[in-house]
1. For the subset of segment 217-236 comprising residues that are more than 16 Å from ligand 1 (Cβ to nearest atom) and of a type in the set (D, E, K, R), which member is nearest to Ala175 (Cα to Cα)?
2. Spot the failing condition for Thr15; the list is (1) crowded, with 22+ Cβ neighbours inside 10 Å; (2) closer than 23 Å to Gly266 by Cβ, and only one is missed.
3. (1) modelled with pLDDT of 95 or more; (2) more than 16 Å from Arg106 (Cβ to Cβ); (3) aliphatic (A, V, I, L, M): which one isn't true of Val61, the others all being true?
4. Find the strands (runs of 3 or more DSSP E) located wholly in segment 23-141 whose residues include 2 or more that are closer than 29 Å to Arg8 by Cα, and list them.
5. Taking segment 213-241 on its own, how many of its residues are assigned to a loop (DSSP other than H, G, I, E, B) and within 15 Å of ligand 2 (Cβ to nearest atom)?
6. Which count do you get for residues in segment 237-270 that are surrounded by fewer than 15 Cβ atoms within 10 Å (Cβ to Cβ) and among the acidic types (Asp, Glu)?
7. What residue, among those in segment 40-90 that are closer than 29 Å to Cys7 by Cα and of a type in the set (Val, Ile, Thr), is surrounded by the fewest Cβ atoms within 10 Å (Cβ to Cβ)?
8. Filter segment 1-12 down to residues that are buried (at least 21 other Cβ atoms within 10 Å of the Cβ) and more than 15 Å from ligand 1 (Cβ to nearest atom) and give me whichever is nearest to Lys71 (Cα to Cα).
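The values are calculated or read from the model by the stated rules, or taken from the named source; none is laboratory data. This structure is a prediction, so every number in the text was calculated from the model and none was measured. Positions of Cβ are generated from backbone atoms using ideal geometry, with glycine treated the same way; all protein chains shown enter the neighbour counts.
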Amino acid sequence: MTVSSPCRRNLHSHTFRCKHASGDAADYIRHALNTGVDTYGISDHTPLPGDRYNSHRMDMVELDDYHRAIKEAQQAFPEVRVLAGLECEDFDDCRSFYEDEILGQRNFDYLIGAGHFTPLRDQWEDSYFGMTSAAKLRAYSDHLCDLTESSLYLFIAHPDVFGLSSEHWNEDLKACSHDILAAAEANQKPLEINGGGIRQLAQRSGKGVHPGFPLREFWEAASDYQVTVVCNSDAHQPDHAMASIKECVQYAEELGLTIASDEQLGIKPI
Ligand SMILES: [Zn+2]
Ligand SMILES: [Zn+2]
């Protein structure tokens, strides 16, 4: 049996269907093979009922083809545990679609919960910008707490994305962080250290702007909680299939964070 290592696993990757990534499932796995991968999850941005927000996600009509491409990759690369996933927005009226159709009828392996949007005053606002007011940060942390409570999601993607909006750590960011971490601990929901963020950090370093995420103070605070982390590349192009995973693992180890094992994530041995 293969010895599992967090450096040989990626559970966050995309395909051309989301309109801001390239390549298909098999292209990612082909690239990942060079790194000795043993587990590879394809997790493109989910289509939403009514094709909402479809400028950055596949249309519903593409779901069959997406699922077929993953199944073909499973057959083409039997040496890799290829998992079928989707990265999901947690809109209340989509939960039955995720549960009944995606996990139910289609029998996908897992869903990622992501807070790309924050519910504020009856609107969904972009979580990548303007996360500076205490009210918006509270709305974001409340939303992420809901995600951690749901059994639909295997882990939470880039919980520290709010770090993109502020130049300096402050009490509001701290409160937001602790609320999310306490909920993740209470619900035993793993949190993702996102490799895409690490690659952006590298691009921005030395340019005098806040580095974004991973948000160091968030993950330092995480080491005071009983939480586990998942290290992912968030690949949007095949040559990034396993990019930044080692850096994510190193980041976690430096801070004394526990990386979730395959067992904890319910991933069966190959
Ligand atoms: Zn994306
Ligand atoms: Zn993603």
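1. Glu217
2. Unmet for Thr15, out of (1) crowded, with 22+ Cβ neighbours inside 10 Å; (2) closer than 23 Å to Gly266 by Cβ: (2).
3. Here Val61 meets the rest and fails (2).
4. Per the criteria, 39-45, 81-89, 110-114.
5. Number of matching residues: 7.
6. Counting residues in segment 237-270 that are surrounded by fewer than 15 Cβ atoms within 10 Å (Cβ to Cβ) and among the acidic types (Asp, Glu) gives 4.
7. That would be Val80.
8. Result: Arg9.
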